[in-house]
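Enquirer: Sharing a structure, written as structure tokens. Questions coming.
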Amino acid sequence: MAGKPGSRTVVFFHPDLGIGGAERLVVDAAVGLQNRGHRVVIFTSHCDPQHCFEEARDAFLGTLDVRVRGNTLVPPSILSRFFILCAILRQLHLILQVYFTSELAALQPTSFFVDQLSAGLPLLRFLYPKVGIFFYCHFPDLLLVQGRAKWWKGAYRVPFDALERWSMSFADTIAVNSKFTKGVVSNTWPSLARQQELQVVYPCIDTKPKKDDNAPAGDLVWNDSNIILSINRFERKKDVALAIRAFAGLPKEKRVGVKLVVAGGYDNRVGENVRYHKELVSLADGLGLSHATTKTIVTALNVPEQVEVLFLLSVPGTLKNMLLQSARLLVYTPANEHFGIVPLEAMLSGVPVLACNTGGPTETVVEGVTGWLRSPEEVGQWTDVMDMVLNNMTAKERAKMGKAGPERVRANFGDVQMAERIDLLLDKIEEVSAKRSSIKGVVTLCMVGVLVALGGLIMRMVGKW
């Protein structure tokens, strides 16, 4: 399948095309560029059709061309450890596999779009010196690592932190998801920020009307309850516990007929998802909140009315839209979130957002216009907003806020705007890349050293266990 005349071929490399903010951005960027007439192919080391976005699932229907490669030699982890080492080796394996099988050459790529993991950029530059590389930095990985207080964990991370900074320098353009993240990246790697200007490319959502946007009330998930909704992955850093504590702060009589729905990404393969769900259940028990856990809309609708907290695991897109139509308020609890797609989805659905007054939401949520920004340290403030929305807002005030949200999203965070922005940046890097000479011996030597060192290390560990 060739691209249209004058179009480009953009090859994406993403580690694990599951369900999450990074994956949503990759899918949206790919679809957006495809809609602009370009050919797009996504290479990934893992994509479970039962746990990915619809656009990545229905390749036979023509939405996206997703190809799983580089997943046969190295496991995702070793004894539930060494995730970063395995991720790097899997990425290198993927790139080498599609190169030596000529699969990549057959595509005749004009641009590479790489995100989340930069280790493979030097190898791409060596193999294809004249193909532009666009790297999307969601957030510095070295700042996401937990447990650095342990000396051995800090020592283990040293080479990977250095590799992250060095490998990113091989990108022609580095984009970030918000002004907040731009500031963090600049402070983390000042020399990198001086080397090239970091570009802000906001993630987007599909603003086109959906079939169920105007569905009658009878099609809502719950049309006889006041729903406070939380949508996030079941991870401790998302601080979903904040929503539960704030909800428990409402007097019992004000919780009658109100339901807190905690919905989001959940994967049985991910130990943290399983553990954090159990922690949240224990928290609800400790606060005296009745609760239930379901995985499908059918079982969710059969939950007794008196249940106050409903944990809904692994929410597909259609169900998420239905939940947003039912909600009175969306609570978005992560502090210092890099950007945050869920607040945009809520605002587009006309649902006001209560979010932390730090990170990306400060660039999307307008205080008193499309929602409220509160300190994650002040649980009582979150309770007060919940109480106001449930009991004190007039129908006119709700309607005004419900109109402002979609207007803001469509004007600033639509998929068309993001695709245009990426397209413009790709134009610029391709002009520069076409004039670039081949990379010489020093990079070859560096790459061989990295491959040998990492490969030898993992082989030693595998042999030990």
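The values are calculated or read from the model by the stated rules, or taken from the named source; none is laboratory data. Just so it is clear, the structure is predicted and the values come from calculations on it, not from any experiment. Here the Cβ positions follow ideal geometry from the backbone for every residue, glycine too, while neighbour counts run over all protein chains shown.
Enquirer: Hey, does segment 319-335 have a residue that's closer than 21 Å to Ala395 by Cβ, of a type in the set (Val, Ile, Thr), in a loop (DSSP other than H, G, I, E, B) and in contact (Cβ under 8 Å) with a residue 40 or more places away in the chain?
Expert: no
Enquirer: Moving to a separate point now. Checking Arg398 against (1) farther than 21 Å from Tyr136 by Cα; (2) among the basic types (Lys, Arg); (3) under 26 Å from the mean Cα position of the chain (by Cα): exactly one of these is not met. Which one?
Expert: Among (1) farther than 21 Å from Tyr136 by Cα; (2) among the basic types (Lys, Arg); (3) under 26 Å from the mean Cα position of the chain (by Cα), Arg398 violates only (3).
Enquirer: So, one more: Testing Arg90 on (1) surrounded by fewer than 22 Cβ atoms within 10 Å (Cβ to Cβ); (2) closer than 23 Å to Pro159 by Cβ, one condition comes back false. Which one is that?
Expert: Result: Arg90 passes all but (1).
Enquirer: Which condition number in (1) touching a strand residue (DSSP E or B) at 6+ places or on another chain (Cβ under 6 Å); (2) surrounded by fewer than 20 Cβ atoms within 10 Å (Cβ to Cβ); (3) of a type outside the set (D, E, K, R) is the one that Phe126 fails?
Expert: The number of the failed condition is (1).
Enquirer: So is Glu253 farther than 29 Å from Ser77 by Cα and not aliphatic (A, V, I, L, M) or not?
Expert: Here the answer is yes, as Glu253 does meet what is asked.
Enquirer: While we're here: Let me confirm something: among Val240, Val176, Val184, Val221, which residue is at pLDDT 90 or above, assigned by TED's automatic domain parsing to the domain that holds Ile341 and surrounded by 18 or more Cβ atoms within 10 Å (Cβ to Cβ)?
Expert: Val240
Enquirer: Report, ordered by the first and then the second residue, all pairs with beta carbons closer than 6 Å, sequence separation of six or more or different chains, a first member in segment 19-42 that is within 18 Å of Asn232 (Cα to Cα) and in the same structural domain as Thr110 (by TED's automatic domain parsing), and a second member that is aliphatic (A, V, I, L, M) and in a loop (DSSP other than H, G, I, E, B).
Expert: Close Cβ pairs satisfying both conditions: Gly21/Ile341; Glu23/Leu17; Arg24/Ile341.
Enquirer: Of the residues that make up segment 305-322, is at least one at pLDDT below 90, under 14 Å from Lys259 (Cα atoms) and assigned by TED's automatic domain parsing to the domain that holds Ala243? Full working, then the answer.
Expert: Filtering segment 305-322 for residues at pLDDT below 90 gives 305-306, 314-322.
This time we only want the ones that are under 14 Å from Lys259 (Cα atoms), so: 305-306.
Checking which are assigned by TED's automatic domain parsing to the domain that holds Ala243 leaves us with 305-306.
Among the residues of segment 305-322, at least one is at pLDDT below 90, under 14 Å from Lys259 (Cα atoms) and assigned by TED's automatic domain parsing to the domain that holds Ala243, which makes the answer yes.
Enquirer: Right, here's the next one. Collect the residues in segment 39-54 that are over 16 Å from the mean Cα position of the chain (by Cα) and acidic (Asp, Glu), keeping them in residue-number order.
Expert: Asp48
Enquirer: Just checking, does segment 35-44 include any residue being surrounded by 22 or more Cβ atoms within 10 Å (Cβ to Cβ) and in contact with a Phe, Trp or Tyr (Cβ under 6 Å, 6 or more places away or on another chain)?
Expert: Yes, there is a match, as at least one residue in segment 35-44 is surrounded by 22 or more Cβ atoms within 10 Å (Cβ to Cβ) and in contact with a Phe, Trp or Tyr (Cβ under 6 Å, 6 or more places away or on another chain).
Enquirer: Would you check which residues across segment 249-280 are of a type outside the set (Gly, Ala, Ser), surrounded by fewer than 17 Cβ atoms within 10 Å (Cβ to Cβ) and more than 18 Å from Val379 (Cα to Cα) and list them?
Expert: Glu253, Val256, Asn268, Arg269, Val270, Glu272, Val274, Arg275, Lys278, Glu279
Enquirer: What tally of residues in segment 92-147 results from selecting those that are hydroxyl-bearing (Ser, Thr, Tyr) and touching a residue at least 40 places away in the same chain (Cβ under 8 Å)? Quick ask: steps written out before the conclusion?
Expert: First pass over segment 92-147, keeping only residues hydroxyl-bearing (Ser, Thr, Tyr): 99, 101-102, 110-111, 118, 128, 136.
Adding the requirement that they be touching a residue at least 40 places away in the same chain (Cβ under 8 Å) leaves 110-111, 118, 136.
Of the residues in that region, 4 qualify.
Enquirer: Looking at Leu301, Leu260 in this structure, which one is farther than 30 Å from Ala22 by Cβ and aliphatic (A, V, I, L, M)? Spell out the reasoning first.
Expert: On the way: Leu260 fails: farther than 30 Å from Ala22 by Cβ.
Being farther than 30 Å from Ala22 by Cβ and aliphatic (A, V, I, L, M) holds for just one of Leu301, Leu260, which is Leu301.
Enquirer: Among the residues of segment 379-397, write down those that are without any contact (Cβ under 8 Å) to a residue 12 or more places away in the chain and assigned to a helix (DSSP H, G or I).
Expert: Gln381, Asp384, Met388, Asn392, Ala395, Lys396, Glu397
Enquirer: Among the residues in segment 64-84, are any more than 22 Å from Pro122 (Cα to Cα) and of a type in the set (Asp, Glu)?
Expert: Yes, segment 64-84 contains at least one residue that is more than 22 Å from Pro122 (Cα to Cα) and of a type in the set (Asp, Glu).
Enquirer: Kindly indicate whether any position in segment 408-418 is farther than 14 Å from Tyr332 by Cα, surrounded by 13 or more Cβ atoms within 10 Å (Cβ to Cβ) and without any contact (Cβ under 8 Å) to a residue 40 or more places away in the chain. Please lay out each step first, then the result.
Expert: First, the residues of segment 408-418 that are farther than 14 Å from Tyr332 by Cα: 408-418.
Remaining after also requiring surrounded by 13 or more Cβ atoms within 10 Å (Cβ to Cβ): 408-410, 412-418.
Among the residues that remain, those that are also without any contact (Cβ under 8 Å) to a residue 40 or more places away in the chain are: none.
No, the conditions are met nowhere in segment 408-418.
Enquirer: One residue is enough: does segment 425-435 have a residue meeting the conditions over 23 Å from Pro109 (Cβ atoms), touching a residue at least 12 places away in the same chain (Cβ under 8 Å) and either loosely packed, with under 15 Cβ neighbours inside 10 Å or not assigned by TED's automatic domain parsing to the domain that holds Gly257 (or both)?
Expert: Within segment 425-435, not a single residue is over 23 Å from Pro109 (Cβ atoms), touching a residue at least 12 places away in the same chain (Cβ under 8 Å) and either loosely packed, with under 15 Cβ neighbours inside 10 Å or not assigned by TED's automatic domain parsing to the domain that holds Gly257 (or both).
Enquirer: Ala56: out of contact with any strand residue (DSSP E or B) (no Cβ under 7 Å at 6 or more places or on another chain) and part of a helix (DSSP H, G or I), yes or no?
Expert: It is false that Ala56 is out of contact with any strand residue (DSSP E or B) (no Cβ under 7 Å at 6 or more places or on another chain) and part of a helix (DSSP H, G or I).
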